[in-house]
Amino acid sequence: MEASSGIGEACTQAFIKAGAKVALSSRRAERLNALAKSAQSEQALVLPLDVTEQEQIISAYQRILETWGGLDLLLFVSGVYTPLRADNFEFEIAHKTIDANLLGPMRAVSVVLPNMLKVHAGHIAIVGSVAGYSGLPKALAYGPSKAGIINFCETLYYDLLPQGVSVHMISPGFVATEATAQNDFEMPALITADEAAKEILAGLQAGEFDIHFPKRFSGFLRFLRILPYPFYFWIVRRFVKI
(Lines give C-alpha, C1' and ligand atoms only; values in the text may rest on other atoms or scores of the structure.)
Protein backbone atom coordinates (compact mmCIF):
# COMPACT_ATOMS: atom_id res chain seq x y z
CA MET A 1 0.00 0.00 0.00
CA GLU A 2 1.34 3.38 -1.22
CA ALA A 3 3.16 2.04 -4.25
CA SER A 4 3.08 5.28 -6.22
CA SER A 5 6.26 6.90 -4.88
CA GLY A 6 9.23 6.68 -2.55
CA ILE A 7 9.84 3.48 -0.61
CA GLY A 8 6.62 1.90 -1.84
CA GLU A 9 7.48 2.41 -5.50
CA ALA A 10 11.02 1.10 -4.97
CA CYS A 11 9.68 -1.97 -3.15
CA THR A 12 7.22 -2.60 -5.97
CA GLN A 13 10.01 -2.57 -8.54
CA ALA A 14 12.16 -4.86 -6.37
CA PHE A 15 9.32 -7.34 -5.87
CA ILE A 16 8.45 -7.41 -9.57
CA LYS A 17 12.11 -7.99 -10.42
CA ALA A 18 12.11 -10.90 -7.96
CA GLY A 19 9.14 -12.43 -9.81
CA ALA A 20 6.32 -11.57 -7.42
CA LYS A 21 2.78 -10.62 -8.32
CA VAL A 22 1.99 -7.25 -6.81
CA ALA A 23 -1.22 -5.40 -6.04
CA LEU A 24 -0.46 -1.69 -6.24
CA SER A 25 -2.46 0.80 -4.21
CA SER A 26 -2.37 4.50 -3.43
CA ARG A 27 -4.59 7.51 -4.09
CA ARG A 28 -2.70 8.43 -7.29
CA ALA A 29 -4.08 6.08 -9.93
CA GLU A 30 -2.07 7.60 -12.78
CA ARG A 31 1.21 6.88 -10.97
CA LEU A 32 0.11 3.31 -10.30
CA ASN A 33 -0.81 2.72 -13.94
CA ALA A 34 2.56 4.03 -15.08
CA LEU A 35 4.33 1.74 -12.63
CA ALA A 36 2.25 -1.27 -13.69
CA LYS A 37 3.40 -0.83 -17.28
CA SER A 38 6.89 -1.87 -16.18
CA ALA A 39 5.52 -5.29 -15.22
CA GLN A 40 3.97 -8.09 -17.21
CA SER A 41 0.19 -7.76 -17.22
CA GLU A 42 -0.35 -10.78 -14.98
CA GLN A 43 2.15 -9.51 -12.41
CA ALA A 44 0.51 -6.20 -11.45
CA LEU A 45 -2.97 -5.37 -10.23
CA VAL A 46 -3.79 -1.66 -9.86
CA LEU A 47 -6.09 -0.84 -6.94
CA PRO A 48 -6.40 2.90 -6.26
CA LEU A 49 -7.58 3.61 -2.70
CA ASP A 50 -7.36 5.90 0.29
CA VAL A 51 -6.12 4.18 3.46
CA THR A 52 -8.45 6.32 5.57
CA GLU A 53 -11.47 4.75 3.84
CA GLN A 54 -12.29 1.27 5.15
CA GLU A 55 -14.74 0.40 2.38
CA GLN A 56 -12.11 1.12 -0.27
CA ILE A 57 -9.67 -1.25 1.44
CA ILE A 58 -12.33 -3.96 1.66
CA SER A 59 -13.20 -3.54 -2.03
CA ALA A 60 -9.54 -3.72 -3.07
CA TYR A 61 -8.97 -6.87 -1.03
CA GLN A 62 -12.00 -8.52 -2.65
CA ARG A 63 -10.44 -7.77 -6.06
CA ILE A 64 -7.25 -9.52 -4.93
CA LEU A 65 -9.21 -12.57 -3.76
CA GLU A 66 -11.19 -12.70 -7.01
CA THR A 67 -8.06 -12.31 -9.16
CA TRP A 68 -5.46 -14.36 -7.30
CA GLY A 69 -7.37 -16.22 -4.61
CA GLY A 70 -5.37 -14.85 -1.71
CA LEU A 71 -2.66 -12.58 -0.37
CA ASP A 72 0.74 -13.78 0.87
CA LEU A 73 2.10 -10.44 2.08
CA LEU A 74 0.54 -7.16 3.14
CA LEU A 75 3.22 -4.48 2.88
CA PHE A 76 1.89 -1.22 4.28
CA VAL A 77 4.11 1.71 3.36
CA SER A 78 1.56 4.52 3.19
CA GLY A 79 2.08 7.50 5.47
CA VAL A 80 1.94 11.27 5.70
CA TYR A 81 4.43 13.66 7.25
CA THR A 82 4.08 17.33 8.11
CA PRO A 83 6.81 18.91 10.26
CA LEU A 84 5.22 20.13 13.50
CA ARG A 85 6.58 21.72 16.65
CA ALA A 86 4.74 23.08 19.67
CA ASP A 87 4.79 26.65 18.39
CA ASN A 88 2.97 25.69 15.16
CA PHE A 89 0.90 22.75 16.35
CA GLU A 90 -2.34 22.21 14.44
CA PHE A 91 -4.78 19.56 15.64
CA GLU A 92 -6.25 18.92 12.19
CA ILE A 93 -2.81 18.03 10.84
CA ALA A 94 -2.23 15.75 13.82
CA HIS A 95 -5.61 14.10 13.29
CA LYS A 96 -4.90 13.40 9.61
CA THR A 97 -1.45 12.07 10.48
CA ILE A 98 -2.74 9.60 13.06
CA ASP A 99 -5.62 8.59 10.77
CA ALA A 100 -3.29 7.70 7.90
CA ASN A 101 -0.18 6.48 9.72
CA LEU A 102 -1.68 4.48 12.59
CA LEU A 103 -5.35 3.83 11.88
CA GLY A 104 -4.55 3.19 8.19
CA PRO A 105 -2.51 0.04 8.82
CA MET A 106 -4.98 -1.04 11.50
CA ARG A 107 -7.78 -0.86 8.91
CA ALA A 108 -5.76 -2.88 6.39
CA VAL A 109 -4.78 -5.52 8.95
CA SER A 110 -8.38 -5.91 10.09
CA VAL A 111 -9.37 -6.69 6.49
CA VAL A 112 -6.68 -9.24 5.57
CA LEU A 113 -6.16 -10.93 8.93
CA PRO A 114 -9.25 -13.19 9.09
CA ASN A 115 -8.23 -15.14 5.96
CA MET A 116 -4.61 -15.36 7.13
CA LEU A 117 -5.77 -16.78 10.45
CA LYS A 118 -8.02 -19.24 8.64
CA VAL A 119 -5.12 -20.73 6.67
CA HIS A 120 -2.50 -20.11 9.39
CA ALA A 121 -0.17 -18.44 6.89
CA GLY A 122 0.77 -15.02 5.59
CA HIS A 123 2.95 -12.01 6.29
CA ILE A 124 2.07 -8.55 7.62
CA ALA A 125 4.80 -5.93 7.19
CA ILE A 126 4.28 -2.33 8.29
CA VAL A 127 6.66 0.53 7.62
CA GLY A 128 7.03 2.76 10.67
CA SER A 129 10.04 4.98 11.34
CA VAL A 130 12.92 5.42 13.74
CA ALA A 131 11.03 8.61 14.67
CA GLY A 132 8.82 6.30 16.72
CA TYR A 133 11.68 5.28 19.00
CA SER A 134 11.57 8.48 21.07
CA GLY A 135 10.52 12.12 20.90
CA LEU A 136 12.35 14.14 18.24
CA PRO A 137 12.02 17.76 17.08
CA LYS A 138 9.49 18.56 14.33
CA ALA A 139 7.73 15.21 14.81
CA LEU A 140 4.97 16.26 17.21
CA ALA A 141 2.33 14.26 15.29
CA TYR A 142 4.45 12.03 13.04
CA GLY A 143 6.52 10.63 15.93
CA PRO A 144 3.51 9.51 18.04
CA SER A 145 1.93 7.89 14.98
CA LYS A 146 5.07 5.83 14.40
CA ALA A 147 5.48 5.04 18.11
CA GLY A 148 1.99 3.57 17.90
CA ILE A 149 3.09 1.41 14.96
CA ILE A 150 5.92 -0.05 17.06
CA ASN A 151 3.51 -1.02 19.84
CA PHE A 152 0.95 -2.34 17.35
CA CYS A 153 3.53 -4.54 15.58
CA GLU A 154 4.95 -5.86 18.85
CA THR A 155 1.49 -6.88 20.04
CA LEU A 156 0.57 -8.36 16.66
CA TYR A 157 3.76 -10.42 16.68
CA TYR A 158 3.00 -11.80 20.14
CA ASP A 159 -0.57 -12.71 19.17
CA LEU A 160 0.10 -14.08 15.68
CA LEU A 161 3.33 -16.07 16.20
CA PRO A 162 1.44 -19.17 17.44
CA GLN A 163 -1.01 -18.80 14.53
CA GLY A 164 1.59 -19.12 11.77
CA VAL A 165 1.22 -15.51 10.59
CA SER A 166 4.47 -13.54 10.42
CA VAL A 167 4.77 -9.89 11.43
CA HIS A 168 7.54 -7.55 10.30
CA MET A 169 8.15 -4.12 11.85
CA ILE A 170 10.09 -1.89 9.47
CA SER A 171 11.79 1.22 10.87
CA PRO A 172 13.71 3.27 8.29
CA GLY A 173 15.90 6.23 9.10
CA PHE A 174 16.06 9.15 6.67
CA VAL A 175 15.16 8.10 3.13
CA ALA A 176 15.17 10.51 0.17
CA THR A 177 11.45 10.78 -0.69
CA GLU A 178 8.82 13.44 -1.34
CA ALA A 179 8.14 13.51 2.42
CA THR A 180 11.70 14.09 3.59
CA ALA A 181 12.18 16.72 0.87
CA GLN A 182 10.17 18.99 3.21
CA ASN A 183 12.92 18.94 5.82
CA ASP A 184 15.08 22.03 6.10
CA PHE A 185 17.77 20.40 8.24
CA GLU A 186 20.64 18.00 7.66
CA MET A 187 19.47 14.38 7.61
CA PRO A 188 22.16 12.00 8.93
CA ALA A 189 22.80 8.77 7.02
CA LEU A 190 20.33 9.68 4.26
CA ILE A 191 19.77 6.77 1.86
CA THR A 192 17.86 6.33 -1.40
CA ALA A 193 14.47 4.64 -1.73
CA ASP A 194 16.13 1.83 -3.72
CA GLU A 195 18.53 1.19 -0.84
CA ALA A 196 15.60 1.11 1.56
CA ALA A 197 13.77 -1.40 -0.65
CA LYS A 198 16.81 -3.69 -0.67
CA GLU A 199 16.94 -3.60 3.14
CA ILE A 200 13.23 -4.38 3.38
CA LEU A 201 13.34 -7.24 0.88
CA ALA A 202 16.39 -8.75 2.59
CA GLY A 203 14.74 -8.48 6.01
CA LEU A 204 11.54 -10.12 4.79
CA GLN A 205 13.43 -12.94 3.11
CA ALA A 206 15.37 -13.52 6.33
CA GLY A 207 12.13 -13.64 8.33
CA GLU A 208 13.13 -10.75 10.60
CA PHE A 209 10.60 -9.10 12.86
CA ASP A 210 12.61 -5.93 13.53
CA ILE A 211 13.89 -4.52 10.23
CA HIS A 212 15.65 -1.21 10.86
CA PHE A 213 18.17 0.68 8.74
CA PRO A 214 20.62 2.16 8.05
CA LYS A 215 22.13 0.48 11.10
CA ARG A 216 24.68 3.23 11.77
CA PHE A 217 21.79 5.65 12.38
CA SER A 218 18.94 3.43 13.59
CA GLY A 219 21.31 1.72 16.03
CA PHE A 220 22.28 5.08 17.52
CA LEU A 221 18.63 6.06 18.03
CA ARG A 222 17.89 2.69 19.63
CA PHE A 223 20.72 3.41 22.06
CA LEU A 224 19.19 6.78 22.93
CA ARG A 225 15.97 5.03 23.97
CA ILE A 226 17.64 3.40 26.96
CA LEU A 227 19.33 6.53 28.31
CA PRO A 228 17.91 8.44 31.30
CA TYR A 229 15.89 11.44 30.12
CA PRO A 230 18.39 14.12 31.21
CA PHE A 231 21.09 12.51 29.05
CA TYR A 232 18.67 11.88 26.19
CA PHE A 233 17.44 15.48 26.02
CA TRP A 234 20.99 16.84 26.31
CA ILE A 235 22.17 14.72 23.38
CA VAL A 236 19.20 15.66 21.22
CA ARG A 237 19.72 19.37 21.91
CA ARG A 238 23.44 19.03 21.34
CA PHE A 239 23.44 17.11 18.10
CA VAL A 240 20.07 17.71 16.43
CA LYS A 241 20.62 21.10 14.86
CA ILE A 242 17.07 22.09 13.91
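A few comments on the model shown:
- So Val80, is it open to solvent by less than 20 Å² (accessible area, probe 1.4 Å) and either in contact with a helix residue (DSSP H, G or I) (Cβ under 8 Å, 6 or more places away or on another chain) or assigned to a strand (DSSP E or B) (or both): no
- Residue in the range 209-220 that is open to solvent by less than 20 Å² (accessible area, probe 1.4 Å) and in a helix (DSSP H, G or I) present: yes
- Residue that is under 23 Å from Pro83 (Cβ atoms) and in contact (Cβ under 8 Å) with a residue 40 or more places away in the chain, where the choices are Ala193, Ala176, Ala197: Ala193
- Set side by side, the residues Ala189, Ala196 differ, and just one is under 13 Å from the mean Cα position of the chain (by Cα) and either outside any helix (DSSP H, G or I) or of a type in the set (A, V, I, L, M) (or both), which is Ala196.
- Test result for Ser145, of a type in the set (S, T, N, Q), assigned to a helix (DSSP H, G or I) and in contact with a Leu (Cβ under 7 Å, 6 or more places away or on another chain): yes
- Some residue of the range 22-34 being closer than 25 Å to Ala176 by Cβ, more than 19 Å from the chain's Cα centre (by Cα) and open to solvent by less than 60 Å² (accessible area, probe 1.4 Å): yes
- Search result, residues across the range 39-70 that are assigned to a loop (DSSP other than H, G, I, E, B) and surrounded by 18 or more Cβ atoms within 10 Å (Cβ to Cβ): Ala39, Leu47, Leu49, Val51
- When residues of the range 134-173 are limited to those that are among the charged types (D, E, K, R) and modelled with pLDDT of 95 or more, the one least open to solvent (accessible area, probe 1.4 Å): Lys146
The values are calculated or read from the model by the stated rules, or taken from the named source; none is laboratory data. Remember, predicted model here, so these are calculated numbers, not experimental data. In this analysis, Cβ positions are derived from the backbone assuming ideal geometry, glycine residues included, and neighbour counts consider all displayed protein chains. Side chains included, ligands, DNA and RNA excluded: accessible areas come from the protein's heavy atoms. Shrake-Rupley method; radii C 1.70, N 1.55, O 1.52, S 1.80 Å.
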